[in-house]
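Inspection log for the structure reproduced underneath, given as structure tokens.
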């Protein structure tokens, strides 16, 4: 999924077997959910336009579509064609042409992804789904499930800016987690939750004197240019990951309104 996964755990016995099973689960999900792998289940769906999908892909797509509707499209996994254009722009330091951007945008829109039962249908030819804003959190959740089944309940799974945190280490109240890009040295003690951080501290490009984030606003089909960092604490990595991306797009004022009705979720904007 374009990043590294790390696992830390406290165990009385050698945890290698359980670690291996957890990493194998992540690899299984990478083969299903990654847009980087040409033969992933996600990319096969994009090529055919309609398919019965696995439980994992169905779960992630369903959660993503619920979040898209809740945020009026601020979170949108159909932005793949646009994301690929801007990914290339960050690499070459050249802005996409207006014509290329318009053509890519015409192949997006969360309302053009339909889910009925376990069948997903893309309603516009040439659509490309990108689960980069939610798949890592889901994979971290699933890795934690494997660790818990194997008896490693005092564990932490890290996937870039996404953390899924289990029970506290021995003799501790919880895991010590740094919070927010602008708050170096500030730590929180957390357990049995998930944390996701989204921002442009590391993933950005400066092109023609402007700074462009890797996060795309689906309403404009352009990267964010205002500096913002968001850290979300939620019950699951799937929820925290998706919300961190959505809140980055919504900004502080609209993001805080979205959080009003969400129990068990907190967010910090920097």
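When the residues of the range 207-220 are filtered to those that are within 18 Å of the chain's Cα centre (by Cα) and in a loop (DSSP other than H, G, I, E, B), the one that is nearest to residue 95 (Cα to Cα) is 214. When 57, 95 are checked against the criterion of being part of a helix (DSSP H, G or I), surrounded by 15 or more Cβ atoms within 10 Å (Cβ to Cβ) and in contact (Cβ under 8 Å) with a residue 24 or more places away in the chain, 57 stands alone in meeting it.
So, residue 81, is that one buried (at least 19 other Cβ atoms within 10 Å of the Cβ) and modelled with pLDDT of 95 or more or not? Yes. Being under 16 Å from residue 58 (Cα atoms) and not in a helix (DSSP H, G or I) is the filter here, so list the residues in the range 98-118 that pass it. Across the range 98-118, the qualifying residues are 113, 114, 115, 116, 117, 118.
Residue-wise test of (1) crowded, with 20+ Cβ neighbours inside 10 Å; (2) under 22 Å from the mean Cα position of the chain (by Cα); (3) more than 27 Å from residue 166 (Cα to Cα).
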residue	(1), (2), (3)
17	no, no, no
23	no, yes, no
45	yes, yes, yes
49	no, no, yes
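Condition test on residue 29, is it more than 30 Å from residue 154 (Cα to Cα) and not in a loop (DSSP other than H, G, I, E, B)? So residue 29 does not fit the description; no.
Screening the candidates 158, 143, 139 for the property of being in contact with a strand residue (DSSP E or B) (Cβ under 6 Å, 6 or more places away or on another chain), crowded, with 16+ Cβ neighbours inside 10 Å, assigned to a helix (DSSP H, G or I) and touching a residue at least 12 places away in the same chain (Cβ under 8 Å) yields one hit, 143.
Taken over the range 105-133, residues that are touching a residue at least 40 places away in the same chain (Cβ under 8 Å) and farther than 19 Å from residue 44 by Cα amount to 2. When residue 132 is tested against (1) surrounded by fewer than 18 Cβ atoms within 10 Å (Cβ to Cβ); (2) modelled with pLDDT under 95, only condition (1) is not met.
The values are calculated or read from the model by the stated rules, or taken from the named source; none is laboratory data. What you see is a predicted model; the values in this text were computed from it and never measured. No Cβ is skipped: glycine too gets one built from the backbone with ideal geometry, and neighbour counts run over all protein chains shown.
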